[in-house]
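Just below is one structure, and these are the notes that go with it.
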Amino acid sequence: MIHLYRVPSWIQSLWRTIVWRGERYIARSGATKPCVYLTFDDGPIPEVTPAILAILRSYNVKATFFQVGENIHKYPQVAQQVQEEGHQVGNHTYNHLQGLKSTIRDYLANTACFPNQESLIEHRTSKLFRPPHGWAKPSQLRALRQQGYRIVLWDVITYDYERQRTAEEIVRTVRRYVRPGSIILFHDSLKSAHCTPEALPQVIEYLLSQGYAFCTL
């Protein structure tokens, strides 16, 4: 299987309305540092998300979680913990709906079911959106932008959801492909439970050693 660990610049240039990378540099502690953005998809779930939060907390790192609305309703305490610990949240549809297999009406309705402040928990209203699997029809993305959403994909993907993926491979991927402004895609899902919690501390320590500042979208 061919893996595309970093989205080529020519593809990013074709879809300029999509956020592929964040701000490249930020001023912190009297110095200019390169930025990196850790993102986690498909949670929150009690089996993985709290472990990810504990690692982030131990390094005082903030991240962005693109959450599935159905999981928020199932596990409101875990979702609330993400919010209370100061992380950013984004909409990942209500039940991980695939845009290419859905009508625009169904897709927008599913996205609209994502919990907001009037829902089950006091969940921040988010205008960040990441389409499941990274795919959606142009008409769907256009309609979401008209509703005020920022469509966010990624610059570097770790493939941590693959059964054979190891923590060592994830660390090597980040070391090779990260650059200022990179949005790095991880998952806080059962599929990534075998490697992401093990890899994440090593990834963070490497990025810190390279002078990166951790930012949210």
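The values are calculated or read from the model by the stated rules, or taken from the named source; none is laboratory data. The shown structure was predicted, so the numbers you read here are calculated from the model rather than taken from an experiment. All Cβ positions, glycine included, derive from the backbone under ideal geometry; neighbour counts span all protein chains shown.
Checked against the criterion of being farther than 25 Å from Asp155 by Cα, crowded, with 16+ Cβ neighbours inside 10 Å, of a type in the set (A, V, I, L, M, F, W, C) and at pLDDT below 95, segment 81-102 contains not a single residue that satisfies it. Of the strands (runs of 3 or more DSSP E) entirely within segment 1-106, those holding at least 1 residues that are among the acidic types (Asp, Glu) and touching a helix residue (DSSP H, G or I) at 6+ places or on another chain (Cβ under 9 Å) occupy 31-41.
Residues in segment 71-109 that are aliphatic (A, V, I, L, M) and touching a Ser or Thr at 6+ places or on another chain (Cβ under 6 Å): Val78, Val89, Ile104. Take Val36 and decide whether it is within 23 Å of Glu169 (Cβ to Cβ), surrounded by 13 or more Cβ atoms within 10 Å (Cβ to Cβ), in contact with an Asp or Glu (Cβ under 7 Å, 6 or more places away or on another chain) and not small (Gly, Ala, Ser). Judged against the criteria, Val36 is not a match. So, in segment 147-172, of the ones that are touching a Phe, Trp or Tyr at 6+ places or on another chain (Cβ under 7 Å) and among the hydroxyl-bearing types (Ser, Thr, Tyr), which residue ends up modelled with the lowest pLDDT? The residue in question is Tyr149. Output yes when any residue across segment 160-167 is assigned to a loop (DSSP other than H, G, I, E, B), at negative phi, touching a helix residue (DSSP H, G or I) at 6+ places or on another chain (Cβ under 7 Å) and of a type in the set (A, V, I, L, M, F, W, C), and no when none is. No; the residues of segment 160-167 include none that is assigned to a loop (DSSP other than H, G, I, E, B), at negative phi, touching a helix residue (DSSP H, G or I) at 6+ places or on another chain (Cβ under 7 Å) and of a type in the set (A, V, I, L, M, F, W, C). Of all the numbered requirements in (1) in contact with a Leu (Cβ under 9 Å, 6 or more places away or on another chain); (2) modelled with pLDDT of 95 or more, His73 misses one, and that requirement is (2).
Ile204: β-branched (Val, Ile, Thr), under 23 Å from Arg21 (Cβ atoms) and either in contact (Cβ under 8 Å) with a residue 60 or more places away in the chain or assigned to a loop (DSSP other than H, G, I, E, B) (or both), yes or no? Taking the combined requirement at face value, the residue satisfies it.
Here Asn60 clears all of (1) at pLDDT 95 or above; (2) surrounded by 13 or more Cβ atoms within 10 Å (Cβ to Cβ) except the condition numbered (2).
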